[in-house]
Amino acid sequence: MLADLDNTILDFDSAERGALRAAFRRLGIPFRHGTLERYRAINTRLWTAYSRGEIAGAQVAIQRFEELLAELEYRLPARRLARAYLAALRLRGDTLPGARRALVLLRRRFRVAVVTNGYTRVQKSRLRRAGLLAHVDALVTSESAGHAKPDPRIVHSALRLLGVSRHEAILVGDDLRTDQGAATAARMPFYWIDSGDRGAGRRPRLRVRSLLELAERL
């Protein structure tokens, strides 16, 4: 079983919002109305470029705050805000309802690898904070694999860690572009967490409302 992390197991929307506010507060700058929406638009665009291999992951970490600070007209080194944000995000273990129960059920029958576009230290820390790190067998990030979803090579890395072939695994996630794209490219089944379309793509036939629903079905 390969599972996406953000908005599949952990509540990234909540974590991102809380971490950004905490970073602004730590640096003593106002968190204005609309700041979160501006940041999310910039961040989504840059992560999309990263997943296409157009820019490096390290560039995303800094450039998103360079652009945000420029839009807000704040004179502050982007690296300071970037460090403050990631430090705050690492402390966020916000989970989606039923996620813990889902992992417990899944691991009774399957090995589970989390496959996520993100930074290893941050994602590992968030899983630990949520008390879920011990409930997964492997964590594969785009940073550790050197490839980001929808590139199938990140999926291949996870399959190797679990010691299974694509014929013995499924991938579950919420993002049609990155998660479904990776599953399609790796030629393996995909279950969509149908809580809203988070990317362009054909709507999958295999859908569930949550990871817990999938765990109970399996």
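Miscellaneous remarks
- Viscosity 0.890 mPa s, temperature 25 °C, Stokes-Einstein D of the range 13-89 from Kirkwood C-alpha radius, µm²/s: 196 µm²/s
- With helices as the sole contributors, the chain gives -14500 deg cm²/dmol at 222 nm; each DSSP H run of n ≥ 4 counts as -39500 (n - 2.57), and the sum is divided by every residue.
- A cut-off of 5 Å between modelled amide H atoms, ignoring neighbours fewer than 5 places along the same chain, links Arg207 with Trp192.
- Listed peptides 168-176, 106-114 by packing density, highest first (mean Cβ within 10 Å): 168-176, 106-114
- Amide H contacts of Ile55 (H built 1.01 Å from N, in plane; Pro and chain starts excluded): Tyr50 sit under 5 Å, all sequence-distant by 5 or more or on other chains.
- Overall dimensions of the range 1-158 as given by Cα atoms, namely Rg and Dmax in Å: 16.1, 53
- The amide H of Thr95, built 1.01 Å from its N in the peptide plane, has Asp11 as neighbours under 5 Å, considering only residues 5 or more places off or on other chains.
Read-outs throughout are calculated quantities, based only on the coordinates presented, and are distinct from any laboratory measurement. Source: prediction; values computed, not measured. A quick note on method: Cβ atoms are made from the backbone with ideal geometry, for glycine too, and the neighbour counts reach across all protein chains shown.
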